[in-house]
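The values are calculated or read from the model by the stated rules, or taken from the named source; none is laboratory data. A quick note: this is a predicted structure, and the numbers were derived from the prediction, not measured. Quick reminder, even Gly has a Cβ in these numbers, built from the backbone with ideal geometry, and neighbours come from all protein chains shown. Note: areas computed on protein heavy atoms with side chains; ligands, DNA, RNA excluded. Shrake-Rupley method; radii C 1.70, N 1.55, O 1.52, S 1.80 Å.
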Protein chains: 2
Amino acid sequence: MAAGKIYMIPVTLGDEDYRKVIPEKVLEITRSLRLFTVEDIRSARRYLRLIDKDFPINDTVFNELNEHTNESEIGEYIEPVLKGSDMGIMSEAGLPGIADPGAKLITIAHRKRIRVIPLAGPSSILLALISSGLNGQSFCFNGYLPVKPSDRASRLRELEKNAREGYAQIFMETPYRNQRMFESVLSVCSDSTVLCIAVDVTLPGENIRTMTISDWKKNQPSINDRLAIFIIQ
Amino acid sequence: MAAGKIYMIPVTLGDEDYRKVIPEKVLEITRSLRLFTVEDIRSARRYLRLIDKDFPINDTVFNELNEHTNESEIGEYIEPVLKGSDMGIMSEAGLPGIADPGAKLITIAHRKRIRVIPLAGPSSILLALISSGLNGQSFCFNGYLPVKPSDRASRLRELEKNAREGYAQIFMETPYRNQRMFESVLSVCSDSTVLCIAVDVTLPGENIRTMTISDWKKNQPSINDRLAIFIIQ
C-alpha cells in the first residue's frame, strides 16, 4: 500500500474569525483528516470543533508532540502514515514547525520518503515582519531568548550587532514576561536602534508599531499577557 | 479626516486555486479596495480579475513599487492614505514585504503613524521551512545570493558555517538560474550538510525534499525554470 501524506496544518492565532486567516480549501483538508500529531491535544480538539461543530473527535487519533515527547514515540507516530493514513500536524497557534518541536517528526518523514505538504495560514512572525517596515530581504528568527537577566542582556547585544550587519532580528517571549523583555530591550539596546513590537497579530487588539528605542522610551506600552513579536534592526 | 489603513495583501504563488492559499475574509478585503501599491501592475490586475471577474480595474488606482521606484515617489503614494483612503500592498507572489521593496513604503507609514494591517496568506519561504524538517526554532532568510561564481561560493561557505551554529539558512534564486545554484551548493557544501529543496510550493508540481548533500549527488533533480527555495543546515 502507498504511504499516506503529512499535512502541515495551520490554525488560528487566537480568538479571531477562522475565515480571516485560514483558506477555505485548507479548512476542507483539515476537516477530512482522522489522524493528527499535535502540540496540545485539548487545543487541537477545540480548534477542530470550531471549524466543524460535528467533527468526529471520538473517531480521531491524536498523538501529542511537545518538549516532553521522546524520539522513539515520534518514530511510532509515523507508522500509520507508512501504512497509508494521511496525518495532520498542528501547533498550538499558527503554522506548525516554527517555534515548536514538529521538525523532529518531519525529519523522520523525509528519511522514510513520506510526502510532506505545507498548507498556507497565519504566521505571527512573518506577519509582524512584513508590517514592521524592517528588512524583509534578510532576517533571522531567534526564538526565545534566555530568561536570566545577564544572559539575556548579552544575547540582546549580540542580536543588535547582527542587526547592524543588515539582518532584521526577530524574537519572542512568553506573554507574562513580555513587559520585562521590553524593559530589557530598552535598557540594553542603543537609542538609535529601531524596534518593532507587534502585539496580538490578526487578533482584535492588533497593534504593530515601529520606532527607535529613544521614541519607545517616551511611549511605553502595556504588553504583558498579550501575544508579542519583537524585531530589532 | 482620519487616515486610512494599509493592508499587506497576500496573493497566490502561481497557478493554484486561490481558495487553497487565501482566506475568505482576505479575499473580501482585497475586493473592497480601490487603491493599491504593487510590485507589478499587470500581475496585480490579473490577480484582482482572478478573484473577482467584475473587479472595477478602471476605477482603481495602482502605484508601482519595485527596484526602479525612487524614494520621493514612495512618499507621494502615502498621500491619499493620509487623507483617508485605505491602501493594499501586493507583491508579484505570496506575502508583500518579503524579498521585495515594499518595506520602504511601510517605514514611511510608521513614521506617519498610519496603521499597517497584515493579512494571512502563503509564504513560499516559511512553507518550505516548516516542511523541511530543518530548524524552525532559529533560522535566517538570506534572499538572493551573489551571481558571480567565486562570490557565490564564498557566500555559501559563510551560510554553511552559520548553519553549523544552529541556524537553518534559507535562500533563493531566479528560476532560470536554479540548476546552476543547485550545482554550486553541491560543489561548495560538505557531504554531511543537509539540504532541502522546495520546488513549486503550493503549486501542482510541489515537491519538497530534504537529504544530505551526499544523497543529493546521487539523485539530481531538474529544477530549472521552476520556483525553488533552498535551505541548508
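So here's what we get for this one:
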item	result
Pair list, Cβ < 6 Å and 6+ apart or interchain, from region B:70-94 residues that are aromatic (Phe, Trp, Tyr) to residues that are open to solvent by less than 20 Å² (accessible area, probe 1.4 Å) and not in a helix (DSSP H, G or I)	B:TYR77/B:THR37
Counted residues, region A:114-128 - those being facing chain B (nearest Cβ under 7 Å) and outside any strand (DSSP E or B)	6
Pair list, Cβ < 6 Å and 6+ apart or interchain, from region A:196-218 residues that are of a type in the set (Gly, Ala, Ser) to residues that are open to solvent by 30 Å² or more (accessible area, probe 1.4 Å)	A:SER214/A:ASP191
Which numbered condition A:ASN63 misses (of (1) touching a Phe, Trp or Tyr at 6+ places or on another chain (Cβ under 7 Å); (2) in contact (Cβ under 8 Å) with a residue 40 or more places away in the chain)	(2)
Residue satisfying all of: in region B:99-113; open to solvent by less than 10 Å² (accessible area, probe 1.4 Å) and under 28 Å from B:ALA168 (Cβ atoms); nearest to the other protein chains (Cβ to nearest Cβ) among these	B:ILE106
Output for region B:1-28, where each listed residue is over 16 Å from B:THR202 (Cβ atoms) and open to solvent by 50 Å² or more (accessible area, probe 1.4 Å)	B:MET1, B:ALA2, B:ALA3, B:LYS5, B:GLU24, B:LYS25, B:GLU28
Which numbered condition A:GLY166 fails, given (1) more than 9 Å from chain B (Cβ to nearest Cβ); (2) more than 18 Å from B:SER138 (Cα to Cα); (3) more than 22 Å from the chain's Cα centre (by Cα)	(2)
Residue satisfying all of: in region A:206-224; at pLDDT below 95 and more than 12 Å from chain B (Cβ to nearest Cβ); most open to solvent (accessible area, probe 1.4 Å) among these	A:GLN220
Extreme residue, surrounded by the fewest Cβ atoms within 10 Å (Cβ to Cβ), among residues of region B:63-73 that are closer than 18 Å to B:ILE98 by Cβ and at pLDDT below 90	B:GLU67
Unique match (being open to solvent by less than 20 Å² (accessible area, probe 1.4 Å), closer than 27 Å to A:ILE6 by Cβ and either in the same structural domain as B:LEU203 (by TED's automatic domain parsing) or not acidic (Asp, Glu) (or both)) among B:PRO122, B:PRO96	B:PRO122
Residue in region B:132-141 that is of a type in the set (A, V, I, L, M, F, W, C) and more than 8 Å from chain A (Cβ to nearest Cβ) present	no
Single match in B:LEU203, B:LEU159 (criterion: assigned to a loop (DSSP other than H, G, I, E, B), within 14 Å of another protein chain (Cβ to nearest Cβ) and of a type outside the set (Phe, Trp, Tyr))	B:LEU203
Region B:12-41 - residue that is within 25 Å of B:VAL199 (Cβ to Cβ) and away from every other protein chain (no Cβ under 13 Å) and, of those, farthest from the chain's Cα centre (by Cα)	B:ASP15
Conditions (1) touching a Phe, Trp or Tyr at 6+ places or on another chain (Cβ under 7 Å); (2) among the polar types (S, T, N, Q); (3) open to solvent by 30 Å² or more (accessible area, probe 1.4 Å); number of the one not met by A:ASN58	(1)
Given (1) in contact with a helix residue (DSSP H, G or I) (Cβ under 6 Å, 6 or more places away or on another chain); (2) more than 30 Å from B:ILE208 (Cβ to Cβ), number of the condition B:MET90 does not satisfy	(2)
Residue match in region A:131-151 (condition: in the same structural domain as A:GLN220 (by TED's automatic domain parsing), surrounded by 24 or more Cβ atoms within 10 Å (Cβ to Cβ) and among the aliphatic types (A, V, I, L, M))	yes
Enumeration of residues in region A:178-195 that are open to solvent by 30 Å² or more (accessible area, probe 1.4 Å), in contact (Cβ under 8 Å) with a residue 40 or more places away in the chain and part of a helix (DSSP H, G or I)	A:GLN179
Test for B:ALA128: is it aliphatic (A, V, I, L, M), outside the structural domain of B:ALA93 (by TED's automatic domain parsing) and in contact (Cβ under 8 Å) with a residue 40 or more places away in the chain	yes
